[in-house]
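J.: Here you go, one structure.
The values are calculated or read from the model by the stated rules, or taken from the named source; none is laboratory data. Model, not experiment: these values are computed from the prediction. Positions of Cβ are backbone-derived with ideal geometry, glycine not excepted, and every protein chain shown enters the neighbour counts. Heads up: the accessible areas ignore ligands, DNA and RNA and are worked out on the full protein's heavy atoms, side chains in. Shrake-Rupley method; radii C 1.70, N 1.55, O 1.52, S 1.80 Å.
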Amino acid sequence: RALAEVGRDLAGMLDFAQAAERVVSRVLHLLGGRISTLYTVDGPSGSLVCKAVAGASAPERWIGQVVPSGDIIVDLAVAAGRPVWTPDLVSDGRIALPDWVRERMEEDGYRSGIGVPLVSRGQVLGALFLGDVAGRTFTEQDLRLLTAFSVVAALALERARLYEEVRDARDFLQSIAENSPDGIMTTDVHGRVTYVSPRALEMLGHST
């Protein structure tokens with residue numbers, strides 16, 4: 001029921017930043033824990049960049065941080081294509097923690113953690129991390145729930161990202177049209193006028 005509520009909650013969100021913030025806050029609500037962070041893949045470098053955080057004492061210190069490629073738990077999860085967890089991030093030999101992550105762990109009081117990839121239509125969008133106190137064991141039920149949640153979250157984030165891309169492209173084209181020395185007019189498939197540029201109005205003798 002909680003997962004269905006999350007799906008309905010995220011379905012109508014078209015702002016990427018707001019959707020990302022809702023994802024991290026919802027995963028804390030569903031699974032409990034001290035902190036949740038969401039990372040997206042930076043296209044050129046392939047690195048993971050923190051876009052949203054919930055539960056942190058100083059969220060501004062997380063946002064925009066780049067996780068270097070290497071044996072970080074979210075990297076391991078992305079490489080494995082499934083959730084990867086540990087009861088102790090510090091002592092786990094698979095994981096190499098940058099100094100800044102160790103500092104954040106001390107500040108925010110977590111030491112165990114789980115990472116899960118965010119995948120939409122076969123494309124890795126990023127990863128989600130949930131951190132909790134040392135020694136927490138993530139059960140099979142936790143893994144199933146987090147995997148299902150990640151699917152819902154990835155779809156919502158991809159939808160918001162595509163919407164923003166379309167909106168930005170529309171705004172860019174409108175800016176070109178409004179500043180063009182040529183008159184520009186568009187119509188729909190029925191021949192109805194849908195847009196007239198300022199220059200076209202001027203050429204037609206209209207002020208508005």
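J.: Any idea of Glu107's accessible area? Nearest 10 Å², probe 1.4 Å.
T.: About 90 Å², ignoring ligands and nucleic acids.
J.: If you don't mind, there's one more thing I want to ask. Can you list residues from other chains, or at least 5 along the same chain, whose modelled amide H is less than 5 Å from the amide H of Ala134?
T.: Hits under the 5 Å cutoff: Arg111, Ser112.
J.: How high is the FRET efficiency from Ile184 to Arg144, r the C-beta distance, R0 45 Å, rounded to 0.05?
T.: Efficiency for this residue pair is about 0.25.
J.: For the residue pair Ala58 and Arg94, what label-to-label distance in nm results when each label sits 7 Å from Cα along the Cα-to-beta-carbon direction?
T.: So the label points at Ala58 and Arg94 sit 3.1 nm apart.
J.: Please give the peptides 127-133, 31-37, 141-147 ranked by average Cβ packing (other Cβ atoms within 10 Å per residue), highest first, as a rough proxy for protection.
T.: In descending order of packing, they fall as 127-133, 31-37, 141-147.
J.: So if we plug the beta-carbon distance of Ser175 and Val49 into 1/(1 + (r/R0)^6) with R0 = 30 Å, what FRET efficiency do we get, rounded to 0.05?
T.: It comes to 0.65.
J.: What do you reckon, how do Thr86, Thr194 stack up by accessible area (1.4 Å probe), largest on top?
T.: Reading off the accessible areas and sorting them downward yields Thr194, Thr86.
J.: Can you give me the long-range amide H partners of Ala56? Hydrogens built in the peptide plane at 1.01 Å from N, cutoff under 5 Å, separation of 5 or more residues or another chain.
T.: Ser36
J.: If I ignore ligands, DNA and RNA and count only protein heavy atoms, how much of Ile63 is accessible to a 1.4 Å probe, in Å² to the nearest 10?
T.: That residue has around 80 Å² of solvent-accessible surface.
J.: Rank these by accessible area, largest first, 1.4 Å probe: Arg82, Arg111.
T.: Working: Arg82 135, Arg111 90 Å².
My answer, sorted largest first, is Arg82, Arg111.
J.: While we're here: Rg over Rh of the stretch 37-127, using C-alpha atoms and the Kirkwood radius, what does it come to? Show your work: numbers first, answer last.
T.: On the way: Rg = 12.6 Å, Rh = 13.4 Å.
Rg divided by Rh gives 0.94.
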